[in-house]
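One structure is given here, and the rest of the page talks about it.
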Amino acid sequence: MRSIWTGSISFGLINIPIKIFSAIQESNLDMDMLDKGDHSNIKFKRVNEKTGKEVAFADIVKGYKVDDNYVILEDEDFEAADAEKTKTIDIQNFTSEKEIDSLYYEQPYYLEPDKGAANAYALLRDAMESTGKVGVTSFVLRNKEALAILKPYKNVIVLNRIRFAQEIRDTSELKLPAVSKTKIKEIDMANKLVEQLTEPFDISKYKDEYTAKLLKIIKDKAKGKKQAKPKLNVVHKQSDDLMSMLKASLEKKKSS
């Protein structure tokens, strides 16, 4: 793995130099875009809209439009906005992870201690593990301020980026049913179905089956095999009799 950011964690008066690595890798297949006619690869170029000529990446700068003109920003301008946060993950406070709604979670990263930081890294990791708390922090990644939590996972500290409150859309424009109108008998039956379907969560049980099946289709097509048209069981209309459907669902689970 290659680090994407280097800096340090600020924990009280303790400074822990670290490197950040992406904790995820996509499971979807890497598809190329091709010309339908001769299957040649489609290439994308960065071009000057006035001249139509290609521009080298090294010659591209970032600008923000003010009125009719662009203000060009340099690397030092981004650092000047908050120089400390461009190099430091500052733990602002600790909290219980269950107080953070899953809606806010965005992307996880692994943190690795840099040279000479192993003891301080282990101290922070083990303290969070023993107290059951996570650290709330903010830092700057790719010229954007990010909110995040630090939490222990096995023997590594994970930095999980989370969204700011203003990034979550308000639900007031959605047409939603009132909770109070749910019938008591139906909610009791729904609770029984939820309990019947409840089991310990094991992430290893869940696989990306779609990608595996798609890869098989690709291999079969490469061998000249024709694919049978899939049969879809589509339900066009939901029954209004929720009680009977709940009972049927409970019976189906018992017999399976």
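The values are calculated or read from the model by the stated rules, or taken from the named source; none is laboratory data. A quick note: this is a predicted structure, and the numbers were derived from the prediction, not measured. Cβ placement follows ideal geometry from the backbone for every residue including glycine, while neighbour counts extend to all protein chains displayed. All accessible areas refer to the heavy atoms of the entire protein, side chains included, with ligands and DNA or RNA removed. Shrake-Rupley method; radii C 1.70, N 1.55, O 1.52, S 1.80 Å.
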ask   = Cross-link partners among lysines for residue 226, C-alpha distance below 24 Å, same-chain residues fewer than 8 apart left out?
value = 36, 213, 216
note = Quick calc: nm separation of the 7 Å Cα→Cβ label points for residue 90 and residue 183 -> 5.7 nm
ask   = Which listed residue (58, 25, 40) has the Cα farthest towards the positive end of the charge dipole for region 1-84, taking +1 on Lys and Arg C-beta and -1 on Asp and Glu C-beta about the Cα centre?
value = 40
ask   = Taking a probe of 1.4 angstrom, what is the accessible area of residue 241 in Å², to the nearest 10?
value = 80 Å²
ask   = Toward the positive end of the charge dipole of region 156-206, about the Cα centre and with charges on Cβ (Lys, Arg +1; Asp, Glu -1), which of 177, 160, 191 goes farthest?
value = 177
note = With T = 25 °C, eta = 0.890 mPa s and Kirkwood Rh from C-alpha pairs, the Stokes-Einstein D of region 87-128 in µm²/s is about 192 µm²/s
ask   = If you place +1 on the Cβ of every Lys and Arg, -1 on the Cβ of every Asp and Glu, and leave all else neutral, what size is the dipole of the chain about its Cα centre, to the nearest 20 Debye?
value = 1840 debye
key: region 149-183-region 61-108 distance, computed between alpha-carbon centres (Å)   = 20 Å
ask   = Principal axis lengths of region 53-193 from Cα atoms, whole Å, largest first?
value = 67, 51, 28
note = Ranking 227, 245, 214 by how far each Cα lies towards the positive end of the charge dipole of the chain (+1 on Lys and Arg Cβ, -1 on Asp and Glu Cβ), the top one is 227
query = Under 5 Å between amide H atoms, partner at least 5 residues away or on a different chain: which partners does residue 19 have, H built in plane at 1.01 Å?
reply = 112, 114
Antiparallel content of DSSP bridges confined to the chain, in %, to 5 = 95 percent
request  = Whenever you get a sec, compute what percent of the accessible area on the chain sits on carbon and sulfur atoms (1.4 Å probe).
outcome  = 53 percent
note = Result for the chain: accessible area per residue, probe 1.4 angstrom, in square angstrom, of 83 Å²
inquiry  = How large is the Kirkwood hydrodynamic radius of region 180-232, counting all unique pairs of alpha carbons, in Å?
reply    = 15.5 Å
inquiry  = Just to confirm the filter: which chymotrypsin sites (Phe, Trp or Tyr not before Pro) across region 72-170 are DSSP coil and have at most 13 other Cβ within 10 angstrom of their Cβ?
reply    = 164
task = Please identify every one of the GluC sites (Glu not before Pro) in region 84-132 that sits in a loop by DSSP and has no more than 16 other beta carbons within 10 Å of its own beta carbon.
result = 84
key: Which labelled figure in [x] 19.0, 60; [y] 18.1, 57; [z] 26.1, 70 is Rg and Dmax of the Cα atoms in Å, once derived from the coordinates   = [z]
inquiry  = For a quick check of understanding: with a 1.4 angstrom probe and all protein chains in place, what accessible area in square angstrom does residue 201 have, to the nearest ten?
reply    = 150 Å²
key: Accessible-area ranking of 142, 161, 2, 46, largest first, probe 1.4 Å   = 2, 142, 46, 161
message = Using only alpha-carbon positions, what ratio does the radius of gyration of region 110-255 give when scaled by 2.2 N^0.38 Å?
response = 1.67
query = Plugging the Kirkwood radius over Cα pairs into Stokes-Einstein for region 141-195, at a temperature of 25 °C and a viscosity of 0.890 mPa s, what D comes out in µm²/s?
reply = 153 µm²/s
task = Amide H neighbours of residue 107 under 5 Å, at least 5 residues apart or on other chains, H built in the peptide plane: list them.
result = 161
query = When the helices in the chain are scored as -39500 (n - 2.57) per DSSP H run of 4 or longer and the sum is shared across all residues, what 222 nm value do you end up with, to the nearest 500 deg cm²/dmol?
reply = -7500 deg cm²/dmol
inquiry  = Could you put 184, 162 in order of accessible surface area, largest first, with the 1.4 Å probe and the full protein assembly present?
reply    = 184, 162
